[in-house]
């Protein structure tokens, strides 16, 4: 997993990247890994986020609930009526 990243770019050129980053605990020293997220705006801006195990679990829970909500909402969404004006 350490050499794998997930990247995607939106239609405005913003890019987001997810990857496993190295970090450590101190006293006693111990190497650890976390989820890291970087948002790029071309060459101008880079915003970094990292998620430890607890916040990572919380994010997974949120994304799972959001996925279920979106699927259900989209399944039940009714198209707006169209008008045939000529």
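Values in this text are rule-based calculations from the coordinates and carry no lab data. Because the structure is a prediction, the values reported are computed rather than measured. Cβ atoms come from the backbone with ideal geometry, glycine included; neighbour counts cover every protein chain shown.
Details
- All conditions in (1) under 12 Å from the mean Cα position of the chain (by Cα); (2) part of a strand (DSSP E or B) hold for residue 40, with the sole exception of (1).
- Condition met for residue 60 (part of a helix (DSSP H, G or I) and either surrounded by 10 or more Cβ atoms within 10 Å (Cβ to Cβ) or out of contact with any strand residue (DSSP E or B) (no Cβ under 8 Å at 6 or more places or on another chain) (or both)): yes
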